[in-house]
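Note sheet for the following structure.
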Amino acid sequence: MDLLLPIEKHNKPTECPIAFKKVAVNAPNTHWQMDITYITLFPKIVFVLGIIDTYTLEIMGYKAGFSITGHDVVKTVLKSMVTRNIQGNLTIRTDNGPQFKSKEFHDFCKRQGILHERIPVRSPERNPNIERFFRTLKEELSC
């Protein structure tokens with residue numbers, strides 16, 4: 001079942017550094033973590049893209065919808081950057097979801113001077129801040 005696979009699923013995966021270690025983050029808006037989760041709102045499933053600043057733990061941007069594509073990721077990151085007047089010197093850490101491996105997102109990062117790191121497969125502990133946010137969000141919604 002390919003619920004999260006967008007149109008980009010036929011694009012060749014892009015290469016980027018794998019994040020194997022913790023990064024010392026000394027300032028806001030230099031290192032973001034990003035991920036996609038889903039929330040069941042019976043009878044529908046809603047996907048949520050979230051971006052969190054690793055330094056401040058502030059949610060930098062989000063998008064919710066019945067699907068999330070690579071294009072949605074690009075638009076959400078760009079909006080977050082413009083809102084905060086960020087130009088370059090940004091690292092974004094993600095998992096290996098197809099939206100983050102899409103050519104559109106790869107090309108966007110390259111144009112914007114963003115370093116995109118991907119965590120190893122099956123290692124959500126390498127993206128702890130956004131994972132914790134999603135856990136809290138789901139706990140709050142289930143009350």
With (1) touching a Phe, Trp or Tyr at 6+ places or on another chain (Cβ under 9 Å); (2) surrounded by fewer than 19 Cβ atoms within 10 Å (Cβ to Cβ); (3) of a type outside the set (Val, Ile, Thr) as the list, and GLU140 as the residue in question, which single condition is left unmet?
-> (1)
Where in segment 51-143 are there helices (runs of 4 or more DSSP H), lying wholly inside it, with at least 1 residues that are of a type in the set (Phe, Trp, Tyr)?
-> 98-101, 103-112, 128-141
For segment 31-56, how many residues are within 10 Å of the chain's Cα centre (by Cα) and acidic (Asp, Glu)?
-> 1
Sort out which residues of segment 27-50 are outside any loop (DSSP other than H, G, I, E, B) and of a type in the set (Val, Ile, Thr), and write them in order of number.
-> ILE36, THR37, ILE39, THR40, ILE45, VAL46, VAL48
Of (1) at pLDDT below 95; (2) polar (S, T, N, Q); (3) touching a Gly at 6+ places or on another chain (Cβ under 8 Å), THR14 satisfies all except one. Which?
-> (3)
Please tell me if PHE47 is modelled with pLDDT of 95 or more and either in contact with a Lys or Arg (Cβ under 9 Å, 6 or more places away or on another chain) or loosely packed, with under 12 Cβ neighbours inside 10 Å (or both).
-> yes
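The values are calculated or read from the model by the stated rules, or taken from the named source; none is laboratory data. Note that the structure is predicted; figures quoted are calculated from it, not measured. Cβ: placed from backbone, ideal geometry, glycine included. Neighbour counts: every protein chain shown.
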